[in-house]
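Shown next, in structure tokens, is the structure this report addresses.
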Amino acid sequence: MLRLAALAGSLGVLSACASLRYYAHVTHGEGALLLHRRPIARVLRDPSTTPALAARLELARQARRFASQRLGLPDNRSYTYYVDLHRPYVVWNVFATPRFSVQAVTHCFPFAGCVAYRGWFSEAKAEADAARLRAQGDDVWVGGVPAYSTLGWFADPVLSSMLRWDDDELAGTIFHELAHQLIYVKGDTAFNESFASFVQAEGLREWRAARGLPPGDDKAQAMADGFTRLVLDLRERLKALYATGADAEAMAAGKQREIEAFRQRYARWRDAHWPGDRRYDAWVAGPINNARLLPFGLYDQWTPAFALLFRQGGRQWPAFYASVRALAKLGPAARDARLAELVTPDAAPG
């Protein structure tokens, strides 16, 4: 439902952290991945490799080659290795907000900048961190992550947690993570994720065409976009509520009313536009708090701007990347202003 793979790209695995214990944990976690990775070519030659695993790894290898040869993405050793994790996720991210705020409790790292979560290679450690934050009165959510990127500092492997996805998601994730290696702006999650998400989507379109496959089914994306808009609307309503300055009791009651109203809006939207499709029902029925809303909107805020830049560059990757690098060199305010100009209705290809 929510693709969180790239969010972990800013994990801070390489960074000195305020907590030496946390630094030791992520260093050990990353080291374990490097220790256990095996070249995909060797895994494919191994007689003990099952046909199902071989097929998935061969697809990943082809997508990796396509990324560099056709999409202009880095040609390095990333995603040429495989690691069997023996667990469902590689990382668990802990998101937190104050009780009456939709602003994340951020964590800052020298290389990645400030991000809206903290990642743990151990689910138990993530839950312990979450419990600590809850005890402080924060809203907290813990989300498992199937893949992440070290932004090119290490040769990131294909992980067993990635192989549960369908072919498009597996190939697209490789495109997405390599895009982070190509261009990354410290501390600007919306820019980084929107850029990588556009590369993923356009890369998948070209990947399918090159393999003689029909265009992908847009239904799932359209439904995801609609659901995201509903969640973002809830976040804006909560933000307005918290800005009223009401007392804690009134805001707590108002918060629950807004969440329940969101559930009712969701049911009407689902029945009107997607009758019979209940893929988001479990999410909506589960506990909802400020922290659980944080990941929404991070991946697609500026994707229309990047789509326009791609068209303006004649749909040529080198020209597109040059335009994106020019944006990346701007200061945060100027960059956001330029992106906002690109997504206005009267913006037209040059």
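How large is ³J(HN,Hα), in whole Hz, for each residue of the range 179-194 in order, when computed from phi with the Karplus curve 6.51 cos²θ - 1.76 cosθ + 1.60 and θ = phi - 60°, using x for Gly and Pro?
4, 4, 5, 6, 9, 8, 9, 4, x, 10, 4, 4, 4, 4, 6, 5
What aspartates and glutamates could a cross-link reach from Lys186, if we take a straight Cα to Cα line under 15 Å and drop same-chain neighbours fewer than 8 places away?
Asp336
Which lysines have a Cα lying under 18 Å from the Cα of Lys219, excluding residues fewer than 8 positions away in the same chain?
Within reach: none.
Return the FRET efficiency for the residue pair Lys239, Ala41: r is the Cβ-Cβ distance, R0 is 45 Å, and the value is rounded to the nearest 0.05.
Computed FRET efficiency for Lys239 and Ala41: 0.35.
Test of understanding: what is the full-extension gain from Ala340 to Gln103, defined as 0.36 nm times their sequence separation minus their Cα-Cα distance?
Numbers: separation 237, 0.36 × 237 = 85.32 nm, distance 2.12 nm.
Roughly 83.2 nm would be gained on extension.
Taking the Cα centre of the chain as the origin and placing charges on Cβ (Lys, Arg +1; Asp, Glu -1), which of Ala267, Gly313, Thr244 is farthest toward the positive end of the dipole?
Gly313
Can you compute the modelled spin-label distance between Ala128 and Arg279, with each label point 7 Å from Cα toward Cβ, in nm?
Inter-label distance under the simple model: 3.7 nm.
In sequence order, what are the phi-derived ³J(HN,Hα) couplings for the range 126-133 according to the Karplus relation 6.51 cos²θ - 1.76 cosθ + 1.60 with θ = phi - 60°, rounded to whole Hz, with x for glycine and proline?
Here the 3J(HN,Hα) series is 5, 5, 5, 5, 4, 5, 4, 5 Hz.
What FRET efficiency, computed as 1/(1 + (r/R0)^6) with R0 = 22 Å and r the Cβ-Cβ distance, is obtained for Leu213 and Ala55, rounded to the nearest 0.05? Walk me through the intermediate numbers first.
Numbers: r = 16 Å, r/R0 = 0.73.
Plugging the Cβ-Cβ distance into 1/(1 + (r/R0)^6) gives 0.85.
Please give me the summed charge of the neighbours of Ala267: other residues whose Cβ is under 12 Å from its Cβ, Lys and Arg +1, Asp and Glu -1.
Values: positive: Arg263, Arg265, Arg268, Arg270, Arg278; negative: Glu260, Asp271, Asp281.
Summing Lys/Arg as +1 and Asp/Glu as -1 gives +2.
Tell me, what ³J(HN,Hα) does each residue in the range 270-279 have, in order and in whole Hz, if you take phi through Karplus 6.51 cos²θ - 1.76 cosθ + 1.60 with θ = phi - 60° and put x for Gly and Pro?
Karplus values, whole Hz, x for Gly and Pro: 4, 5, 7, 10, 9, x, x, 9, 10, 5.
So who's got an amide H within less than 5 Å of the one on Asp139, skipping anything under 5 residues away but keeping other chains? H placed 1.01 Å off N, in plane.
Thr97, Arg99
If you compute P(r) over Cα pairs in 20 Å bins from 0, in percent for the structure shown, which of (i) 28, 59, 13, 0; (ii) 26, 53, 17, 3, 0; (iii) 24, 33, 22, 14, 5, 3, 0 do you land on?
(i)
How much of the DSSP bridge set in the chain is antiparallel, in percent, rounded to the nearest 5? The partial results should precede the final answer.
Details: 15 of 17 bridges.
Antiparallel: roughly 90 percent of the beta bridges in the chain.
Note down the magnitude of the dipole of the range 201-300 about its Cα centre, charges +1 on Lys and Arg C-beta and -1 on Asp and Glu C-beta and zero elsewhere, to the nearest 20 debye.
Working: 17 positive and 15 negative charges, 32 e Å.
About 160 debye.
Bear in mind that the values in this text are calculations on the coordinates, not laboratory data. The structure presented is a predicted model; accordingly, all values stated were derived computationally and were not measured. Positions of Cβ are backbone-derived with ideal geometry, glycine not excepted, and every protein chain shown enters the neighbour counts.
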